[in-house]
Amino acid sequence: MTQLQSGATPDAARTLPGDSAGASGPLSPGGQPAVAAVPAQARSLLATAWLRIRRSKIALLSLCIVVAIVLFAVLAPVLSAWSGNDPFTSNTSPDVLDDYETPGLPLPGYMYPSGQHWLGVEPGLGRDLFARLAFGGQVSLTIALLSTAVSVVLGTVLGAAAGYFGGKTDAIISRITDLFLAFPHLLLVLSLTPILQSRLRGTPLGQGSFLPMASLVIILGFFGWAYLARIVRGQVLSLREREFVEAARSFGASHLSVLFRQIIPNVMGVVLVYATMLIPTNISAEAALSFLGVGVKDPTPSWGQMLNAAQSGNWYLSDPWFLAVPGAMLLVTVLAFNLLGDAVRDALDPKASRH
């Protein structure tokens, strides 16, 4: 019973194969043979959105950039092996790092891209920048995607429950939502992340490099659902009185069945738009927390941790390339995801983009 959007094909009015009316049938008032119309083809919401996205050059460009960045992160081990370097091996030899004027500064042949090190090496430890950038993208995108998934699941389920059941359920969930929205988000995350990391030590999630990643996923995901819950609740308030919901109830469907099989599928357009916009927000949040020292820590690479390393040793003054590489990657990634989110929103709700 999920609602579908329909659209006519570009050649909706054409002669059907094998139809003789086009050649010898009745004539139109203008003297031309009458043309049989092809019925409109029903398309799903996602299919309709994809057709609209394909018409936008900016949307296609941002989608290609997002796909390229995701592949860059997923194929990090392959690319690292291909380059002949890994993200953890240090090289502090005098042939690579300066020992005299600026100790630890890469020599000119290693500071910038070369055949041996595709993006140069980082100052201080001489680790390969390309390998650390690729593995850092893997860490940053994993944290952003998982925390977005946690926020989307919580926000969708709680918002749909509040709107569908109403009454005390709606009042309780709405007050909790208001409470989460009232807290200063960044300050709360900064204060709770170290506490959560200490609690996770000794658990399966607190082993090695998984500790900061798990803590960031839990913190960012748990405090990112409230706004989506409010949006979904507003959509469900109108959907619960629709005919297809009443029909499902009349056939004896349970409340949970109606909620998860009828209500939630019909708000997935809004959820998808919000998720697409939340991913770059979580990428920026992970980078900010790692930059401030409460997120991913060395030697685990992430784009925020690389920015922190460039700032903490004041290397950005003598080696601005070390700061520019993760900064540019972060800028391009967030911009591409934001443009893609705008395109998805316009494709799923074209009327909203006209105002």
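The values are calculated or read from the model by the stated rules, or taken from the named source; none is laboratory data. Here the structure is a predicted model, which means the values were calculated and not measured. In this analysis, Cβ positions are derived from the backbone assuming ideal geometry, glycine residues included, and neighbour counts consider all displayed protein chains. Note: areas computed on protein heavy atoms with side chains; ligands, DNA, RNA excluded. Shrake-Rupley method; radii C 1.70, N 1.55, O 1.52, S 1.80 Å.
Could you give the length gained by full extension between ASN314 and THR169, i.e. 0.36 nm per residue of separation minus their alpha carbon distance, to one decimal place? Working shown, then result.
Working: separation 145, 0.36 × 145 = 52.20 nm, distance 5.30 nm.
Extra length available between ASN314 and THR169 comes to 46.9 nm.
Considering the dipole of the chain built from charges on the beta carbon (Lys and Arg +1, Asp and Glu -1) around the Cα centre, which of LEU237, SER318, ALA73 is farthest to its positive end?
LEU237
What is the local net charge at MET111, summed over the other residues whose Cβ is closer than 11 Å to its Cβ (Lys, Arg +1; Asp, Glu -1)?
Values: positive: none; negative: ASP98, GLU122, ASP319.
So the surrounding residues net to -3.
With Cα Rg over 2.2 N^0.38 Å in mind, check (1) 0.96; (2) 1.31; (3) 0.92 and report the label derived from this structure.
(2)
Before I look further, what does the chain give for accessible area per residue, probe 1.4 Å, in whole square angstrom? Could you put the intermediate results ahead of the total?
On the way: 18530 Å² over 355 residues.
Counting only protein heavy atoms, the per-residue value for the chain is 52 Å².
Using a 1.4 Å probe and counting only protein heavy atoms, arrange ILE58, ILE53, ILE263 so the residue with the most accessible area comes first.
Details: ILE58 110, ILE53 20, ILE263 0 Å².
Largest accessible area first, the residues go ILE58, ILE53, ILE263.
Using Cα centres only, tell me the gap between the stretch 63-109 and the stretch 196-210 in whole Å.
Here the answer is 28 Å between Cα centres.
Starting from the Cα-Cα distance between ARG199 and ASP99, subtract it from 0.36 nm times their residue separation and give me the gain in nm to one decimal. Spell out each step's value before the answer.
On the way: separation 100, 0.36 × 100 = 36.00 nm, distance 4.22 nm.
Result: 31.8 nm gained on full extension.
Give the peptides 87-95, 116-124, 132-140 in descending order of average Cβ contacts within 10 Å, highest first. Spell out each step's value before the answer.
Working: 87-95: 13.2, 116-124: 22.6, 132-140: 25.7.
In decreasing order of mean packing, 87-95, 116-124, 132-140 become 132-140, 116-124, 87-95.
Give me, ordered by chain and number, the residues 5 or more places off LEU97 or on other chains with an amide H under 5 Å from its own placed amide H.
LEU107
Using a 1.4 Å probe, how large is the accessible area of VAL96, given in Å² and rounded to the nearest 10?
Looks like 10 Å² after rounding.
Given a 1.4 Å probe and heavy atoms of the protein chains only, how would you sort GLU243, GLU286, largest accessible area at the top? Can you show the working numbers first?
On the way: GLU243 140, GLU286 0 Å².
From most exposed to least exposed: GLU243, GLU286.
For the chain, which whole percent of the accessible surface, found with a 1.4 angstrom probe, sits on carbon and sulfur atoms? Intermediate results must be reported in sequence, preceding the final value.
On the way: 12240 of 18530 Å².
Exposed carbon and sulfur together represent 66 percent of the surface.
Using DSSP to call loops (not H, G, I, E or B), can you name the chymotrypsin sites (Phe, Trp or Tyr not before Pro) in the stretch 200-260 whose Cβ has at most 10 other Cβ atoms within 10 angstrom? Intermediate results must be reported in sequence, preceding the final value.
Working: sites: PHE210, PHE222, PHE223, TRP225, TYR227, PHE244, PHE251, PHE260; in loops: PHE223, TRP225, PHE251.
Taking the stretch 200-260 and a limit of 10 other Cβ atoms within 10 Å, the loop chymotrypsin sites (Phe, Trp or Tyr not before Pro) found are PHE251.
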